[in-house]
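Read-outs throughout are calculated quantities, based only on the coordinates presented, and are distinct from any laboratory measurement. Here the structure is a predicted model, which means the values were calculated and not measured. In this analysis, Cβ positions are derived from the backbone assuming ideal geometry, glycine residues included, and neighbour counts consider all displayed protein chains.
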Amino acid sequence: MSEEVKNPWKTLSGEVKYENQWIKLTEYQVINPAGGKGIYGKIHFKNKGIGIIPVDDEGNTWLVGQYRYTLNEFHWEIPEGGGPLDEFPLLAAQRELKEETGISAKKWTSLLRVNPSNSVSDEECVIYLAEDLEFGEALLEDTEADLKVKKLPLTEAIDMVMRGHIRDSMSMIGLLMLARMRGL
């Protein structure tokens, strides 16, 4: 819960420095809380981040692995994607899970909302638990052509977080929240 606190920042002006279909980067001229002039950069996300942890009746989950251009590395993560800001997040979660893994779920539980980098972006992410699973074909997008899918025990995915093998913030937060909820 956030407390009601008066904004100590004053915005003098703003200029869009870069924009594409996913993000907009704006540089603001500001007066900071100490009264000095400065700049502040803000990344606006045009979609809501969506993460899904599918868990079957035997306690298995699915991770997706892909090469992340921004980091120049391969990473294992929970199934993730984006949904339009004006769309109900659960609809985006259902679509992303099916798209990346071919899995559909009959039972959905919202685990949490998170702002993964609130010092520079307004991104909000919603993470769901998906249960009572059905399996079909994945519907990968062009950027996901090399996507790998791995089935493993949920406890092993949590161990991957603890060993530093999963470093994606949504994956870490979601898996650790689920571990706490289930006493794992």
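Couple of notes before you dig in:
- Overall form of segment 34-184 per C-alpha gyration tensor (a/c, 1.5; a/b vs b/c): prolate
- By the beta-carbon count within 10 Å of each Cβ, the least crowded to most crowded order of Leu129, Leu25, Leu71, Leu175, fewest first, is Leu71, Leu25, Leu129, Leu175.
- With the highest mean first, a sort of the peptides 30-40, 81-91, 50-60 on other beta-carbon atoms found within 10 angstrom per residue produces 50-60, 81-91, 30-40.
- By the count of other C-beta atoms within 10 Å, a proxy for reagent exposure, Tyr128, Tyr18, Tyr28 are ordered fewest to most as Tyr18, Tyr28, Tyr128.
- The fewest-to-most ranking of Val120, Val161, Val126 by surrounding Cβ atoms within 10 Å reads Val120, Val161, Val126.
- Cα centroid of segment 1-63 to Cα centroid of segment 105-184, whole Å: 20
- Of all DSSP beta bridges in the chain, antiparallel share, percent nearest 5: 85
- Counting charges near Leu71 (Lys, Arg +1; Asp, Glu -1) among other residues having Cβ under 12 Å from its Cβ returns a value of -1.
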